[in-house]
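Following: one structure in structure tokens, then a few remarks.
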Amino acid sequence: MTALQPALDITLAAPFPPDFLWGTATAAYQIEGATREDGRLPSIWDQFAATPGKVFDGHTGDVAVDHYHRMPADVALMAQLGVNSYRFSIAWPRVIPTGTGAVNAAGLDFYDRLVDTLLANGIAPLATLYHWDLPLALHERGGWLNRDTAYAYADYAETVGRRLGDRVGWWLTHNEPWCAAYLGYGSGLHAPGLTDMPSAFVAGHHLLLAHGLALPRLRALTQPGTQLGISLNLNPVYTADDLPETQRIAEEVEIFNNRWFLDPIFRGTYPDGLFAQFNAPPPPVQDGDMTLIAAPIDFLGVNYYSRSMVPIHMGTNPVGNGSATVISSEHQTDYTDMGWEIYPPGLYDLLHTLHRDYHPAAVVITENGAAFTDVLDGDGQVHDPRRVDYVRQHIQAMARVIADAMPLKGYFLWSLMDNFEWAEGYNKRFGIVYVDFATQERIIKTSGQWYARFIASQRGTAE
Ligand code: IFM
């Protein structure tokens with residue numbers, strides 16, 4: 001285990017409530033490995049990653065960071081960091097390997113053990129039911145293009161809720177359905193790799209329907225006070241000039257990037273102009289769907305990494321896993337290894353806009369973090385001062401939100417440890433814990449040390 005360094009500056013005017021969730025986040029396919037063990041069957045990501053040319057250098061999640069076998073040690077690492085919460089995802093193909101039907105006891109047992117280990121360490125579990133690893137068997141029946149997948153998902157949610165609902169107090173139905181729909185079915189950058197915008201909208205609708213169908217079933221199986229929500233990747237849109245054309249494009253980007261999922265969830269409608277932007281027909285919405293989708297949630301999970309800037313300048317970097325918007329070079333400040341502009345004020349602006357326009361009962365930052373080119377130094381440490389600055393500045397933005405009395409309940413740093421970054425494979429490191437992918441050794445980076453000391457200072461336990 002890495003010893004924590006005592007001398008990191010954690011000074012920050014940060015009036016966070018004592019019950020604020022300070023956590024780290026991960027997802028099953030990105031960390032677990034063991035893809036063929038204990039009854040797990042393939043997901044769309046196993047197939048996608050095995051397809052030449054889809055993932056950087058042919059990397060796959062077959063081993064990932066071996067969390068499936070190292071779970072107790074990884075929880076001990078979290079305890080060492082002092083986090084009071086942990087966001088993880090449950091692999092549907094581990095729990096119901098063919099998507100419907102028989103439950104795989106060994107798969108469910110793993111998450112049961114994880115939850116118990118977390119609780120034994122004083123760490124509150126926040127479980128995500130779907131973080132992109134659709135069972136391949138369901139994809140072979142149409143995947144998210146097939147309405148039946150939404151019903152299968154609700155059954156899966158019930159299975160998991162029945163087993164873990166007595167101990168898990170925070171749940172997310174989906175992580176970033178925008179990515180699952182657009183990157184998976186529209187741009188093809190993610191599994192299952194389709195490139196058809198009308199399909200992306202169909203998939204998006206069925207993902208939303210799945211969310212709406214699962215909510216009451218989870219509600220019935222969880223303890224009173226359990227918090228149910230969904231995580232959306234959101235980026236506030238800024239304009240570089242006042243030209244009418246710029247404003248028009250910004251409005252389209254806002255609709256596509258943010259309102260595609262926000263409006264159905266909070267208003268029960270799709271935003272005007274969403275489908276027309278792509279000359280696509282509306283998805284097949286049936287009577288009652290929008291009411292289910294707009295059922296109240298207890299919190300909105302916000303995944304914030306960067307902003308969007310209009311107009312688009314050629315030759316600059318895409319935001320949000322290859323979304324349609326790019327940053328204007330005129331506004332360039334600093335970029336992460338993903339090519340995403342570092343813009344902490346965007347988090348404050350985004351939360352203000354969300355509260356003004358959608359009034360979520362509460363917000364949790366379910367992801368925020370940065371990829372940088374980290375190296376293991378000769379001193380055996382991983383020095384990542386840019387990530388320390390990134391995290392500090394985003395926490396500072398949250399402090400302003402809290403000072404404005406907005407109901408912000410928690411912050412989950414993406415990610416606990418370096419892992420499989422989807423189409424980028426192991427080539428991008430987001431962790432506050434460095435992983436030597438050859439040996440699976442974990443080393444807490446300077447940012448992890450900083451976060452640990454910051455959390456301790458919040459509790460009044462820092463030296
Ligand atoms: O690694 C991903 C995560 O799975 C979803 N949100 C964005 C992260 C960084 O790209």
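The values are calculated or read from the model by the stated rules, or taken from the named source; none is laboratory data. A quick note: this is a predicted structure, and the numbers were derived from the prediction, not measured. As a convention, Cβ positions derive from the backbone with ideal geometry for all residues, glycine included, and neighbour counts pool all protein chains shown. With ligands, DNA and RNA removed, areas are computed over all heavy atoms of the protein, side chains included. Shrake-Rupley method; radii C 1.70, N 1.55, O 1.52, S 1.80 Å.
Quick grid of which residues meet (1) closer than 26 Å to TRP422 by Cβ; (2) hydrophobic (A, V, I, L, M, F, W, C); (3) buried (at least 23 other Cβ atoms within 10 Å of the Cβ); (4) touching a residue at least 60 places away in the same chain (Cβ under 8 Å):
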| site | (1), (2), (3), (4) |
| --- | --- |
| VAL160 | yes, yes, yes, yes |
| GLY169 | no, no, no, no |
| LEU172 | yes, yes, yes, yes |
| ASN175 | yes, no, yes, yes |
| GLY184 | yes, no, yes, yes |
| THR195 | yes, no, no, no |
| ALA203 | yes, yes, yes, yes |
| LEU208 | yes, yes, yes, yes |
| LEU221 | no, yes, no, yes |
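Can you go through ARG400, ARG392 and tell me which one is under 30 Å from THR226 (Cα atoms), touching a residue at least 40 places away in the same chain (Cβ under 8 Å) and open to solvent by 60 Å² or more (accessible area, probe 1.4 Å)?
Going through ARG400, ARG392 in turn, just one is under 30 Å from THR226 (Cα atoms), touching a residue at least 40 places away in the same chain (Cβ under 8 Å) and open to solvent by 60 Å² or more (accessible area, probe 1.4 Å): ARG400.
Would you please list the contacts, defined by Cβ atoms under 7 Å and residues six or more apart or on different chains, that run from a residue in region 44-57 that is crowded, with 21+ Cβ neighbours inside 10 Å to a residue that is in a helix (DSSP H, G or I) and at pLDDT below 95?
Pairs found: none.
Within region 203-316, which strands (runs of 3 or more DSSP E) (wholly inside it) include 3 or more residues that are within 16 Å of the ligand (Cβ to nearest atom)?
227-233, 299-303
Looking at TYR270, is it closer than 22 Å to PHE48 by Cβ and among the aromatic types (Phe, Trp, Tyr)?
When the stated conditions are applied, TYR270 does not pass them.
Out of all the residues in region 263-272, is one or more open to solvent by 60 Å² or more (accessible area, probe 1.4 Å), modelled with pLDDT of 95 or more, closer than 30 Å to ASN146 by Cβ and of a type in the set (Lys, Arg)?
Yes: region 263-272 contains one or more residues that are open to solvent by 60 Å² or more (accessible area, probe 1.4 Å), modelled with pLDDT of 95 or more, closer than 30 Å to ASN146 by Cβ and of a type in the set (Lys, Arg).
So for region 409-417 (the condition being assigned to a loop (DSSP other than H, G, I, E, B), at pLDDT 95 or above and in contact with a helix residue (DSSP H, G or I) (Cβ under 9 Å, 6 or more places away or on another chain)), does at least one residue qualify?
Yes, that holds for at least one residue.
For region 70-107, what are the residues that are open to solvent by less than 20 Å² (accessible area, probe 1.4 Å) and either among the polar types (S, T, N, Q) or modelled with pLDDT under 95 (or both)?
SER85, SER89
Residue-wise test of (1) farther than 17 Å from PRO93 by Cα; (2) within 14 Å of the chain's Cα centre (by Cα); (3) of a type in the set (Phe, Trp, Tyr).
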position: GLU140; (1), (2), (3): no, no, no
position: THR149; (1), (2), (3): no, no, no
position: TRP171; (1), (2), (3): yes, yes, yes
position: PRO177; (1), (2), (3): yes, yes, no
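Checking ALA462 against (1) in contact with a Lys or Arg (Cβ under 8 Å, 6 or more places away or on another chain); (2) modelled with pLDDT of 95 or more: exactly one of these is not met. Which one?
(2)
Does region 402-409 contain any residue that is under 20 Å from SER306 (Cβ atoms) and away from the ligand (no atom under 11 Å from the Cβ)?
Yes.
Looking only at region 317-335, count how many residues are within 16 Å of the ligand (Cβ to nearest atom) and modelled with pLDDT of 50 or more.
Of the residues in region 317-335, 1 are within 16 Å of the ligand (Cβ to nearest atom) and modelled with pLDDT of 50 or more.
Among THR26, THR60, which is the only one that is within 16 Å of the ligand (Cβ to nearest atom) and under 18 Å from VAL433 (Cβ atoms)?
The unique qualifying residue is THR26.
What is the number of the single condition among (1) surrounded by fewer than 16 Cβ atoms within 10 Å (Cβ to Cβ); (2) at pLDDT 95 or above; (3) part of a loop (DSSP other than H, G, I, E, B); (4) not aliphatic (A, V, I, L, M) that HIS352 does not meet?
In the conditions (1) surrounded by fewer than 16 Cβ atoms within 10 Å (Cβ to Cβ); (2) at pLDDT 95 or above; (3) part of a loop (DSSP other than H, G, I, E, B); (4) not aliphatic (A, V, I, L, M), HIS352 misses (3) alone.
Within region 21-62, can you find the residues that are hydroxyl-bearing (Ser, Thr, Tyr) and in a loop (DSSP other than H, G, I, E, B)?
THR26, THR35, THR51, THR60
Out of everything in region 435-463 that is under 17 Å from PHE20 (Cβ atoms) and part of a loop (DSSP other than H, G, I, E, B), what residue ends up being most open to solvent (accessible area, probe 1.4 Å)?
Looking at residues that are under 17 Å from PHE20 (Cβ atoms) and part of a loop (DSSP other than H, G, I, E, B), I get ARG459.
Looking only at region 358-389, which residues are surrounded by fewer than 14 Cβ atoms within 10 Å (Cβ to Cβ) and either within 18 Å of the chain's Cα centre (by Cα) or without any contact (Cβ under 8 Å) to a residue 24 or more places away in the chain (or both)?
Residues satisfying the conditions are VAL375, ASP377, GLY378, ASP379.
Only one of ASP109, ASP66 is among the acidic types (Asp, Glu) and under 18 Å from VAL168 (Cα atoms). Can you tell me which?
ASP109
Here is a check on your reading of the model: is GLY188 assigned to a helix (DSSP H, G or I), more than 16 Å from the ligand (Cβ to nearest atom) and in contact with an Asp or Glu (Cβ under 9 Å, 6 or more places away or on another chain)?
Spelling it out, it is not the case that GLY188 is assigned to a helix (DSSP H, G or I), more than 16 Å from the ligand (Cβ to nearest atom) and in contact with an Asp or Glu (Cβ under 9 Å, 6 or more places away or on another chain).
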